[in-house]
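Here the structure comes first, spelled out in structure tokens, and everything after it is commentary.
Values in this text are rule-based calculations from the coordinates and carry no lab data. All values reported here derive from a predicted model rather than from experimental measurement. Positions of Cβ are generated from backbone atoms using ideal geometry, with glycine treated the same way; all protein chains shown enter the neighbour counts.
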């Protein structure tokens, strides 16, 4: 059976926790002869319709260190960028590689890639979610706090794909998550409803200071994501007052962890004082992308002969 990772829900609670354990293992054995190479003899296509630094770097290194051959393909350099149907691209990739990671726009494009693929497809970001980033975020928190249960998580900013994945994780792991979003920029209500049904404690607030009170983890992202550049000025006005700055850090737990998936716009969604300060864990978070990418790839191709 082909294992796709389109969202965290494809893992379930136990699978998600097991993947975090796997990522910890890969981190602990990196550079040693104990590091497994389950992708030996396998090629993985890394397909990018959106620009990338951390995702591309982590996936290329992950595939190589797992013994495989990473093949990075940007849409501008392949026929996908000239209008070839995703279904056709997917069928061709399936004949030549052992797995595909896809960084794209609409989630329907990701679903089409998976639907027509006979090899595993992993979501390297879509407009609806970013599960591989959330795995890194959770591993970072676990590495510092040694737990997820009992912590107060806060998302400050746009109800975007990152917010959706935080909500999904909160539902699967029954976490307490507050989201401070300006009116009109709330996350997907279906994601919120499903997370609550699963046992997540989800609340949406308008006041970031109220949301961050006693917070253990504060996460944020840029106000205008890729593809929203034309809305940048409008969004800057709408998000005025939602910057993660020292005011929010001061009302949070003394041991608060500040996360940002990067790239960051210092002075907009986060202050330079905070992202470069002692409560910032964004560089650990960026490194974790490598370890969790290995765990995700190993999981997806585990049953691949």
Helix axis angle, 54-65 relative to the chain longest principal axis, alpha carbon, degrees: 40
Taking 137, 33 and counting other C-beta atoms within 10 Å, the order from fewest to most: 33, 137
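Can you put 29, 217 in order, fewest other beta carbons within 10 Å first? Intermediate values should be presented prior to the final figure.
Numbers: 29 12, 217 27.
Lowest to highest Cβ neighbour count: 29, 217.
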Estimated translational D of segment 235-305 in µm²/s (Stokes, Kirkwood radius over Cα pairs; 10 °C; 1.306 mPa s): 112
Cα pair count fraction exceeding 28 Å, expressed as % - segment 133-286: 11
Two-site FRET efficiency, residue 53 against residue 144, from Cβ-Cβ distance with R₀ of 22 Å, rounded to 0.05: 0.40
Estimated inter-spin distance, residue 72 and residue 14, nm [label 7 Å along Cα→Cβ]: 3.8
Label-point separation, residue 1 to residue 108 (7 Å along Cα→Cβ), nm: 2.8
Convex hull volume per residue in cubic angstrom - Cα atoms of segment 1-115: 121
Candidates 136, 23, 77, ranked by Gaussian network fluctuation over the chain, Cα under 10 Å, top entry: 77
R0 of 22 Å, Cβ-Cβ distance residue 247-residue 183: FRET efficiency to nearest 0.05: 0.60
Share, in percent, of DSSP beta bridges within the chain that are antiparallel, nearest 5: 0
At R0 = 45 Å, FRET efficiency that the Cβ-Cβ distance of residue 214 and residue 35 yields, to 0.05: 0.70
Longest to shortest principal axis, alpha-carbon extents of the chain, angstrom: 53, 44, 37
Neighbour-count order for 239, 102, fewest beta carbons within 10 angstrom listed first: 239, 102
Residue of 264, 36, 64 that the Gaussian network model of the chain assigns the largest fluctuation, springs spanning Cα pairs under 10 Å: 36
